[in-house]
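Have a look at the structure below, then the notes.
The values are calculated or read from the model by the stated rules, or taken from the named source; none is laboratory data. A quick note: this is a predicted structure, and the numbers were derived from the prediction, not measured. Here the Cβ positions follow ideal geometry from the backbone for every residue, glycine too, while neighbour counts run over all protein chains shown.
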Amino acid sequence: MAEVAFIVGTGSGLSAALARLFAKEGMRVALAARDAKKLEGLCAETGGRAYACDASKPNDVEALFKRVESDLGAPDLVVYNAGQRVPGSITEVDALAVQQSLMSSAFGGFLVAQLAARDMLKKGRGTLLFTGASASVKGYPRSAPFAMGKFALRGLSQALARELQPQNIHVCHVVIDGGIRRAGDPRESQRGDDGLLEPDAIAQTYLQLHRQHRSAWAWEIELRPWRETF
């Protein structure tokens, strides 16, 4: 039976590249976003199924997993790709917006991981991947909320790797250290050849992580353009 790949926090960039690659690999693809209608084109392209969900709400996430399991089966691969930036000075940033950012990045990751772990423990296997950023390991000025959420997501991933990998569930945190290219991206001309990460190239790494032999699992990997300083 074909594997089930489940991407939470689906948009037009990295998530779309993941969906296309997973479908090409013969996986059945489930895509979740707050606005499921925006995924219609991607579903038509990949044969995937779209689901509406606010990943920061426990009831939404529980209902989401039940629907995916009913439609496609329990997931073999879950990617948490949700997040919310709230830029601004610490003296000016809106507290409620910061709270929502943390709920999306960190609490949402926990909720999805909890449901994914329950399914994967029953199956005795699975892969759980978290999308991080430069802010997962470095706090930048005017970006405290994003760093808070991404630091928390990294901590969650590390804790779960230690808890679940001995039970045959591969958990990995992927630090995307650099900008991801989008069609018509004005940064492309500024940064030169390969100055931005190609979504399709990132997707290949996610697939490789899912396929890694368990004798040599990675719990974290950093991806950046060759031009990027760090």
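Could you check the stretch 210-226 and list, in sequence order, the residues that are in a helix (DSSP H, G or I) and surrounded by 15 or more Cβ atoms within 10 Å (Cβ to Cβ)? Of everything in the stretch 210-226, just one residue is in a helix (DSSP H, G or I) and surrounded by 15 or more Cβ atoms within 10 Å (Cβ to Cβ), namely His210.
The helices (runs of 4 or more DSSP H) found entirely in the stretch 85-192 that carry 1 or more residues being among the β-branched types (Val, Ile, Thr) are 95-102, 108-123.
Residue check: Arg49 meets all listed conditions (1) closer than 19 Å to Glu3 by Cβ; (2) surrounded by 19 or more Cβ atoms within 10 Å (Cβ to Cβ); (3) without any contact (Cβ under 8 Å) to a residue 40 or more places away in the chain but one, namely (2).
Restricting to the stretch 115-138, what's the tally of residues that are touching a residue at least 24 places away in the same chain (Cβ under 8 Å), within 25 Å of Val68 (Cβ to Cβ) and either surrounded by fewer than 19 Cβ atoms within 10 Å (Cβ to Cβ) or among the hydroxyl-bearing types (Ser, Thr, Tyr) (or both)? I'd like the intermediate steps shown before the answer.
Going through the stretch 115-138, the residues touching a residue at least 24 places away in the same chain (Cβ under 8 Å) turn out to be 115-117, 119-134, 136-137.
Cutting the leftovers down to within 25 Å of Val68 (Cβ to Cβ) gives us 115-117, 119-132.
With either surrounded by fewer than 19 Cβ atoms within 10 Å (Cβ to Cβ) or among the hydroxyl-bearing types (Ser, Thr, Tyr) (or both) added as a condition, the list becomes 121-125, 127, 131.
Number satisfying all stated conditions: 7.
The residue list Arg85, Arg34 contains one member that is closer than 16 Å to Leu14 by Cβ and either in contact with a Cys (Cβ under 8 Å, 6 or more places away or on another chain) or at pLDDT below 95 (or both), which is Arg85. Criterion first (surrounded by 14 or more Cβ atoms within 10 Å (Cβ to Cβ), in a loop (DSSP other than H, G, I, E, B) and not aromatic (Phe, Trp, Tyr)) does Gly195 satisfy it? Judged against the criteria, Gly195 is a match. Filter the stretch 14-37 down to the residues that are under 18 Å from Val112 (Cβ atoms) and part of a helix (DSSP H, G or I), then identify the one that is farthest from the chain's Cα centre (by Cα). Restricting to residues being under 18 Å from Val112 (Cβ atoms) and part of a helix (DSSP H, G or I), the top hit is Ala36.
For the stretch 73-92, filtered to residues that are within 20 Å of Ala117 (Cβ to Cβ) and within 15 Å of the chain's Cα centre (by Cα), the residue that is surrounded by the fewest Cβ atoms within 10 Å (Cβ to Cβ) is Asp76.
Ala74 meets all of the listed conditions (1) in a loop (DSSP other than H, G, I, E, B); (2) closer than 26 Å to Leu209 by Cβ; (3) at pLDDT below 95 but one, namely (3). Based on what the data block shows, is Glu40 assigned to a helix (DSSP H, G or I), touching a residue at least 24 places away in the same chain (Cβ under 8 Å) and over 17 Å from Gly83 (Cα atoms)? In short, no.
When restricted to residues that are among the small types (Gly, Ala, Ser), touching a helix residue (DSSP H, G or I) at 6+ places or on another chain (Cβ under 8 Å) and within 17 Å of Pro199 (Cβ to Cβ), the stretch 13-39 contains 6. Contact map, the stretch 10-27: residues that are in contact (Cβ under 8 Å) with a residue 60 or more places away in the chain paired with residues that are basic (Lys, Arg) and surrounded by fewer than 24 Cβ atoms within 10 Å (Cβ to Cβ), Cβ distance under 7 Å, separation 6+ or inter-chain. Pairs shown: Gly13/Arg182.
Here Leu102 fulfils each of the conditions (1) farther than 19 Å from Gly13 by Cβ; (2) surrounded by fewer than 16 Cβ atoms within 10 Å (Cβ to Cβ); (3) not aromatic (Phe, Trp, Tyr) apart from (2).
The condition of being at positive phi and within 19 Å of the chain's Cα centre (by Cα) holds for Gly9.
For the stretch 58-72, the condition holds for no residue, the condition being that it is of a type outside the set (Lys, Arg), closer than 25 Å to Cys172 by Cβ, crowded, with 18+ Cβ neighbours inside 10 Å and touching a Ser or Thr at 6+ places or on another chain (Cβ under 6 Å).
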